[in-house]
Amino acid sequence: MKKVKVGIVGLGRLGRQHAENLAFRIPNCELTAVCSIIEEEAKKAQEEWGVKYAYTNYDEMIKNEELDAVLIASPSGFHCEQIEKALGANLHVFSEKPLGLYLEEAVRVEESVKKHEDKVFMLGFMRRYDKSYAYAKKKVEKGAIGEPVLIRCYGLDPSKAIGGFMNFAKNNYSGGLFLDMAIHDLDLARWYLNSEAKQVWAIGGAYGYPEIGQLNDAETGAALVKFENGTMGVFVAGRNCSHGYHIETEIIGTEGTLRIGTTPERNMVTVFNETGAVKECSEGFLERFEQAYLSEVEEFINCIREERKPAVTVEDGILSTALGYACKESFETGELVTVQSPHNVTRSTT
């Protein structure tokens with residue numbers, strides 16, 4: 001097959017990383033078009049990377065008959081509509097997480113994906129493509145810790161990123177702590193425990209940044225989840241981590257325990273000075289998961305070329321969204337919530 005020609009929408013922090021990977025680091029792929037509602041952003045990317053087309057209108061970009069695929073890195077609230085439009089334009093689709101902010105729209109996307117079975121659809125749960133998380137999955141499958149019974153996940157953003165988040169959230173792009181941040185951990189729990197969620201209780205608050213509370217969101221939150229097979233999940237998510245970007249996962253089994261990222265080390269260097277022995281921490285998700293972001297999109301391109309489907313499916317997106325939405329509901333109501341089956345959601349007729 002010829003090179004896969006891709007258009008990307010969204011050129012924020014993650015969008016630029018994806019665009020650079022498509023343009024320079026992934027074989028058999030060509031970044032053919034970029035799209036941003038900020039015209040200067042699109043033109044700058046076009047000039048810097050030698051991209052053939054630049055757009056400020058997504059609908060116009062997907063009309064480009066040269067494109068084979070679209071990568072969606074726009075704010076979360078736009079994902080569902082843009083996925084449906086791209087599939088309708090006969091394009092393969094890679095979308096960043098989450099699949100959607102509401103169950104009804106996520107179900108609608110699932111139906112659209114099924115109608116276009118000849119197209120590759122992939123969701124950006126990049127941690128499944130991180131070497132450490134993939135290795136841990138293999139260890140679990142081989143019985144290295146017996147039967148998994150509990151997963152504990154920390155997902156903490158650095159305090160210095162709070163300003164950027166507030167701009168993002170004020171435009172109603174976030175979806176809240178559990179759908180925006182914890183969604184990766186919720187997906188990992190389903191993956192490692194091999195079960196879907198049954199009940200959830202979530203709490204949280206805006207302790208250091210009360211302005212987040214004014215958005216009906218939590219700065220730091222926690223969720224306790226019971227899964228259908230009786231296993232448990234404990235999830236902590238926060239936006240106020242003073243030491244950097246801290247992603248940690250622990251899987252406790254009947255015969256042992258696995259931990260990933262217990263110390264969020266930037267590299268293997270230790271600095272010895274008057275403050276002691278210092279291990280510097282990762283400062284953001286692009287630094288910590290640089291390889292995973294590359295590997296997941298490389299897999300997307302390979303799936304198109306080899307005419308096969310990726311392991312991460314639209315169902316993973318919809319079920320993780322259902323769990324994330326249940327966490328959001330529990331946090332907002334203070335009640336224990338039974339996770340709703342996405343397929344029992346009443347569909348809009350509009």
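The values are calculated or read from the model by the stated rules, or taken from the named source; none is laboratory data. Values in this document were obtained by computation on a predicted structure and should not be read as measured data. Neighbour counts are summed over all protein chains in view; Cβ atoms, including those assigned to glycine, are modelled from backbone coordinates with ideal geometry. Each accessible area value is taken on the protein alone, full model and side chains, heavy atoms only, with ligands, DNA and RNA left out. Shrake-Rupley method; radii C 1.70, N 1.55, O 1.52, S 1.80 Å.
Treat every Asp and Glu Cβ in region 156-255 as -1 and every Lys and Arg Cβ as +1, leave all other atoms uncharged, and give the resulting dipole magnitude about the Cα centre to the nearest 20 debye.
Its charge dipole is roughly 220 debye.
Using a 7 Å offset from the Cα along the Cα-to-Cβ direction at both residue 269 and residue 114, what is the distance between the two label points in nm, to one decimal?
5.2 nm
How large, in percent, is the carbon and sulfur part of the accessible surface of region 196-350 at a probe radius of 1.4 Å?
Taking all protein chains in place, region 196-350 shows 50 percent carbon and sulfur surface.
In whole Hz and in residue order, list the ³J(HN,Hα) couplings for region 56-66 that follow from phi through the Karplus curve 6.51 cos²θ - 1.76 cosθ + 1.60, θ = phi - 60°; x for Gly and Pro.
Karplus-based 3J(HN,Hα) across region 56-66 equals 10, 10, 4, 4, 5, 4, 6, 7, 5, 6, 6 Hz.
In Å², what does the accessible area per residue of the chain work out to with a 1.4 Å probe?
Dividing the accessible area of the chain by its residue count gives 46 Å².
Where the accessible area of region 1-74 is counted over protein heavy atoms with a 1.4 Å probe, how much of it, in %, is carbon and sulfur?
45 percent
Membrane-span-like helices in the chain: DSSP H runs reaching 27 Å or more (Cα, own axis), mean Kyte hydropathy at least 0.0?
Helices passing the filter in the chain: 314-333.
Which value, in Å² rounded to 10, gives the accessible area of residue 181 with a 1.4 Å probe and all protein chains present?
Residue 181 exposes around 30 Å² with every protein chain in place.
Could you rank 118, 59, 185, 157 by how accessible they are, 1.4 Å probe, largest area first?
Heavy-atom accessible area, descending, gives 118, 59, 157, 185.
Tally up the carbon and sulfur contribution to the accessible surface of region 90-137 as a whole percent, 1.4 Å probe, everything protein left in place.
48 percent
Using a 1.4 Å probe on the protein heavy atoms only, what accessible surface does residue 94 show? Give it in Å² to the nearest 10.
0 Å²
Within 10 Å of each candidate Cβ there may be at most 14 other Cβ atoms; applying that plus a DSSP loop requirement, which GluC sites (Glu not before Pro) in region 195-244 survive?
228
Which one, 149, 72, 109, is farthest towards the positive end of the dipole of region 28-159 when Lys and Arg carry +1 and Asp and Glu -1 on their Cβ?
Of the listed residues, the answer is 149.
Might you work out the accessible area of residue 226 for me, using a 1.4 Å probe with all protein chains in place, and round it to the nearest 10 Å²?
100 Å²
Can you show me the helix-derived [θ] at 222 nm for the chain, built from DSSP H runs with n ≥ 4 at -39,500 (n - 2.57) apiece and divided by the number of residues, rounded to the nearest 500.
-10500 deg cm²/dmol
Which pairs break 27 Å Cα to Cα here: 5/85; 97/119; 44/115?
Checking Cα-Cα distances, 44/115 exceed 27 Å.
For region 151-270, what is the largest minus smallest coordinate of the Cα atoms on each principal axis, given in angstrom and ordered from greatest to least?
That works out to 44, 42, 21 Å along the principal axes.
Using the scaling law 2.2 N^0.38 Å as the reference, what is the normalised Cα Rg of the chain?
With N residues counted in the chain, Rg over 2.2 N^0.38 Å equals 0.99.
Over the alpha carbons of region 1-87, what is the largest minus smallest coordinate on each principal axis, giving the biggest first in Å?
31, 28, 20
Put 343, 79 in order of accessible area, largest first, 1.4 Å probe: what do you get?
Final ranking, largest accessible area leading: 343, 79.
Quickly rank 265-274, 48-57, 282-291, 26-35 as a protection proxy: mean count of other C-beta atoms within 10 Å, highest first.
Order by mean packing, descending: 26-35, 282-291, 48-57, 265-274.
With +1 assigned to the C-beta of every Lys and Arg and -1 to the C-beta of every Asp and Glu, and no other charges, what is the dipole magnitude of the chain about the Cα centre in debye, to the nearest 20?
Rounded to the nearest 20 debye, it is 600 debye.
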